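Chemist: Here it is: the structure, laid out below.
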Amino acid sequence: MNNKCECCGKKKERSEEEYRKLINRLNRIEGQIRGIKGMVEKNAYCIDILVQVSAINAALNAFNRELLANHIRTCVTEDIRAGKDETIEELVSTMQKLMK
């Protein structure tokens, strides 16, 4: 099995702790999404659903911040030390997309 990303061909080896933290965050977000689905199915009040959606957005932003920080500390740092200056442009482009 090929562990490289199909779109860019890159891959990231994560520590057990980083992997566990990211998966735990995603599992909580997944649970929140299922909760909102249940709220819609039970005809919950709009404002209550919107508050939960806002909580999911905050959780996704926290996930992005953690992943981006780890990326900068590892991938970006390693690439810059190896003379791969194109990584800086990739990071700038990524941050611009995240800040839309």
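No lab work stands behind these numbers, since they all come straight from the coordinates. Everything quoted here is computed from the prediction, not taken from an experiment. With ideal geometry, Cβ positions are generated from the backbone for all residues, glycine too; neighbour counts draw on all protein chains shown.
Chemist: Label points 7 Å out from Cα along the Cβ direction at Ala44 and Arg73: separation in nm?
Modeler: 3.3 nm
Chemist: Whole-Hz ³J(HN,Hα) for each residue in region 35-43, computed from phi via Karplus 6.51 cos²θ - 1.76 cosθ + 1.60 with θ = phi - 60°, x for glycine and proline: what do you get?
Modeler: Whole-Hz 3J(HN,Hα) from phi for region 35-43: x, 5, 4, x, 5, 5, 4, 9, 6.
Chemist: Let me ask something additional. Taking the Cα-to-Cβ direction at Asn61 and at Lys37 and moving 7 Å from each Cα, how far apart do the two end points lie in nm?
Modeler: If labels sit at Asn61 and Lys37, their model points lie 2.6 nm apart.
Chemist: At a temperature of 10 °C and a viscosity of 1.306 mPa s, determine how fast the chain diffuses translationally according to Stokes-Einstein, using the Kirkwood radius over alpha-carbon pairs as Rh; express D in µm²/s, rounded to the nearest whole number.
Modeler: Reported coefficient: 99 µm²/s.
Chemist: Counting only C-alpha contacts under 8 Å and six or more residues apart, can you give the relative contact order of the chain as a whole percent?
Modeler: Relative contact order comes out at 20 percent.
Chemist: Count of lysine pairs in the chain with Cα atoms under 30 Å apart, counting only pairs 8 or more residues apart in sequence or on different chains?
Modeler: Lysine pairs meeting the criterion: 25.
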